[in-house]
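The structure appears below as structure tokens.
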Amino acid sequence: MSAAKPDSEDDIEASSAPLMEHLIELRSRLMWAIGGFLVAFIICFAYAQPLYNLLILPFQWAVEWAGFDREKVQFIYTAPQEFFFTQIKVAVFGGAVLAFPLIATQVYKFVAPGLYKSERMAFLPFLVASPLLFLLGAALVYFFFTPMVMWFFLAMQQTGEGGEVQIQLLPKVSEYLGLIMTLVFAFGLVFQLPVVTTLLARAGLATSEGLADKRKYAIVAAFVVAAVLTPPDPVSQIGLALPTILLYEIGIYCAKMVERARKKADASNGETLPAAGE
């Protein structure tokens, strides 16, 4: 019994060494990720006002669509510190976007050593596709969806002609930023749907046939998610639900492509295997 104790202690020490190496590696990756975000945050905070003015452009486009003078666009803030904290939020938002490639790279470098070469090669396309799809969703919000929603709200204004009381939209800086950020994150996350369905298909957790059978439930879920993630108006909800349904169909097609590739790989492996008795 006494001879077994040193062996067990050696086993514990041997198992703890890789754990410490993983923890040191994790700390290094976290430091790079946090450091990159802080640098990006400082840069974005230095240019917070120009960045906010860039976010106001969709509202100005909507003002022109509604037939008003874009030069008279006015935003307000009702608390002394409101615009300062809004600039901090802009810097956090911009810093996260700028630092995302670095953060994603650090995550990949931490996970990659535990993957097979084929798994690493299969993971790389998703690492590229995910931020591109997020940017595509954000571009849709910026160039089309936000101007359309703002035009819908601006059309409710009263000019005060004919004895009517003048009712004018004066957006608060914090509320407008909150709306833009909510829409960008909502569309960015929804645009990850093809990536998610493809990963599930590769892992064998979903099939194109199963996804197609659940299409009616996905349509209902799309409107429910749109109601939760977007402001409580029909334009925003329908505008998010329709792309979600379209992306679900694209996800079904991606799952079919994965299944076809798997069948071809299985067929080629079967052809190279020697026949029984040879």
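Here, each number is a calculation from the coordinates, and none is a lab measurement. Note that the structure is predicted; figures quoted are calculated from it, not measured. As a convention, Cβ positions derive from the backbone with ideal geometry for all residues, glycine included, and neighbour counts pool all protein chains shown.
Working from the alpha-carbon coordinates of region 192-266, get Rg over Rh, Rh being the Kirkwood radius. Please report the intermediate quantities before stating the final value.
Working: Rg = 14.0 Å, Rh = 13.0 Å.
Rounded to two decimals, Rg over Rh is 1.08.
Using unit Cβ charges (K, R positive; D, E negative) and no other charged atoms, how large, in debye to the nearest 20, is the dipole of the chain about its Cα centre? Working shown, then result.
Details: 19 positive and 23 negative charges, 82 e Å.
Roughly 400 debye, rounded to the nearest 20.
I need the calculated FRET efficiency for the pair E175 and L38, taking r as the beta carbon distance and R₀ as 25 Å, to the nearest 0.05.
Once the sixth-power term is evaluated, E becomes 0.35.
Can you pull the Rg over Rh of region 19-155, Cα-only, Kirkwood? It would help to have the intermediate numbers written out before the result.
Numbers: Rg = 20.2 Å, Rh = 18.0 Å.
Answer for region 19-155: 1.12.
Fully extended, how many nm does the chain gain between L98 and Q166 (0.36 nm per residue separation, minus their Cα-Cα distance)?
On the way: separation 68, 0.36 × 68 = 24.48 nm, distance 4.22 nm.
That works out to 20.3 nm of additional length.
Using only alpha-carbon positions, what ratio does the radius of gyration of region 53-123 give when scaled by 2.2 N^0.38 Å?
Values: Rg = 21.1 Å, N = 71, 2.2 N^0.38 = 11.1 Å.
Relative to the rule-of-thumb radius for its length, region 53-123 sits at 1.90.
Against the longest principal axis of the chain, how steep is helix 4-46, in degrees 0 to 90 to the nearest 10, with axes from Cα atoms?
Taking the Cα atoms of the chain, the angle to 4-46 is about 20 degrees.
What FRET efficiency comes out for the pair A112/V196, r = Cβ-Cβ distance, R0 = 22 Å, nearest 0.05?
Working: r = 21 Å, r/R0 = 0.93.
E(calc), rounded to 0.05, equals 0.60.
Please give the charge dipole size of region 192-266, origin at the Cα centre, charges +1 on K and R Cβ atoms and -1 on D and E Cβ atoms. Round to the nearest 20 debye.
Details: 9 positive and 6 negative charges, 70 e Å.
The calculation lands at about 340 debye.
Quick one: which residues, 5+ away or cross-chain, put their amide H under 5 Å from the amide H of K172? H built at 1.01 Å from N.
Amide H neighbours of K172: I76.
Working out 0.36 nm times the residue gap between L57 and F123, then minus their Cα-Cα distance, what length gain in nm do you get to one decimal?
Values: separation 66, 0.36 × 66 = 23.76 nm, distance 3.67 nm.
Extra length available between L57 and F123 comes to 20.1 nm.
Calculate how steeply helix 234-272 sits against the longest principal axis of the alpha-carbon atoms of the chain, using the helix alpha-carbon long axis, and give the answer as 0 to 90 degrees to the nearest 10.
20 degrees
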